[in-house]
Amino acid sequence: MIEVSNLIKQYGSHTAVNRLTLSVKPGEVLGLVGPNGAGKTTTLRCLAGIIPFTSGQVTIADVDLVTDPVAAKRALAFFPDEPRLFDYLTVRQHMTFTARIYGVVNAEPLIISLLQELEILDKADKLPGQLSRGMKQKLVIACGLLHSPKVMFFDEPLTGLDPLGIRKMKDSIMRRAQAGATVILSSHLLHLLEEVCTNVLILKKGQKIADGTLAEVSARYSAGESNVSLEEIFMRATGGVED
């Protein structure tokens, strides 16, 4: 579960996130959308404890992120848009290293299973420099899933994946949500969010301008029309202008 109350993140006089309140329950997938510069990545990094926030309260799996950051971070996984790997560790060594950090016991079967699921088992002994952009992204995701996180933050996780890889990643996210994980997914691929997400939150200039289930947000911006796409909802909610 994710609970956020009055989250504010300021950089000097600039307010990147302004009094954001949200709640995501186990099994829910929240699509975080907004124009460039809306504060999506800043929000996710604050919620994951990567950067400090100015004020507010964040609870991850019933643990306060400020008062007990280690326990909160053990319950979550953050998947960035840019894979960052160790140049001289193989795929398998990345997985083994991550398992040790999180104290995952008897990790080898799980490592094999995740590498198979993400279709990079045949690259187990390769270094990052020998991997494509998409395979690097798959390795980062595999590492993040090793400790079976209860909460997952995905920031444009599908960059570099081919259409089949995107489809498989979508299925993987949905399976874990159905098993009880709490997920926030930020992506410009709005058609994908429509397939995966149960809820949506639209940001603009650091402020929440709409949130709720897909049906609720659609009803707000559909003007009585049926089958309005998330892309059209996004355009109407934000004015269709990139910041």
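What about residue 228, is it buried (at least 16 other Cβ atoms within 10 Å of the Cβ), touching a Phe, Trp or Tyr at 6+ places or on another chain (Cβ under 9 Å), free of Cβ contacts under 8 Å to residues at least 12 places away in the same chain and at negative phi?
Taking the combined requirement at face value, the residue satisfies it.
Hey, residue 217 hits all of (1) outside any helix (DSSP H, G or I); (2) in contact with a strand residue (DSSP E or B) (Cβ under 7 Å, 6 or more places away or on another chain) but one; which does it fall short on?
(1)
Take the conditions surrounded by 21 or more Cβ atoms within 10 Å (Cβ to Cβ), at pLDDT 95 or above, within 26 Å of residue 61 (Cβ to Cβ) and not hydrophobic (A, V, I, L, M, F, W, C) and apply them to residue 182. Does it pass?
yes
Going through 38, 16 one at a time, which residue ends up being in contact (Cβ under 8 Å) with a residue 12 or more places away in the chain, part of a loop (DSSP other than H, G, I, E, B) and touching a Gly at 6+ places or on another chain (Cβ under 9 Å)?
None of the others qualify; the one that does is 38.
For residues that are β-branched (Val, Ile, Thr), over 20 Å from residue 77 (Cα atoms) and touching a Leu at 6+ places or on another chain (Cβ under 8 Å), scanning just the range 9-60, find the one that is surrounded by the fewest Cβ atoms within 10 Å (Cβ to Cβ).
Result: 21.
Any residue at all in the range 190-197 that's part of a loop (DSSP other than H, G, I, E, B), under 14 Å from residue 29 (Cβ atoms) and either of a type in the set (Val, Ile, Thr) or at pLDDT 90 or above (or both)?
Yes, some residue in the range 190-197 is part of a loop (DSSP other than H, G, I, E, B), under 14 Å from residue 29 (Cβ atoms) and either of a type in the set (Val, Ile, Thr) or at pLDDT 90 or above (or both).
Quick one: which residue in 129, 103 is farther than 30 Å from residue 189 by Cα and either free of Cβ contacts under 8 Å to residues at least 24 places away in the same chain or out of contact with any Leu (no Cβ under 8 Å at 6 or more places or on another chain) (or both)?
Only one candidate passes the filter, namely 103.
Return yes or no: is residue 164 surrounded by fewer than 18 Cβ atoms within 10 Å (Cβ to Cβ), farther than 26 Å from residue 75 by Cα and not charged (D, E, K, R)?
Judged against the criteria, residue 164 is a match.
Can you run down the residue pairs with Cβ atoms below 8 Å, 6 or more apart or on separate chains, where the first is in the range 70-87 and on the phi > 0 side of the Ramachandran plot and the partner is among the charged types (D, E, K, R) and crowded, with 17+ Cβ neighbours inside 10 Å?
Filtered contacts from the range 70-87: no entries.
The values are calculated or read from the model by the stated rules, or taken from the named source; none is laboratory data. Here the structure is a predicted model, which means the values were calculated and not measured. Don't worry about glycine lacking a Cβ; one is built from the backbone with ideal geometry, like all the others, and counts go over all protein chains shown.
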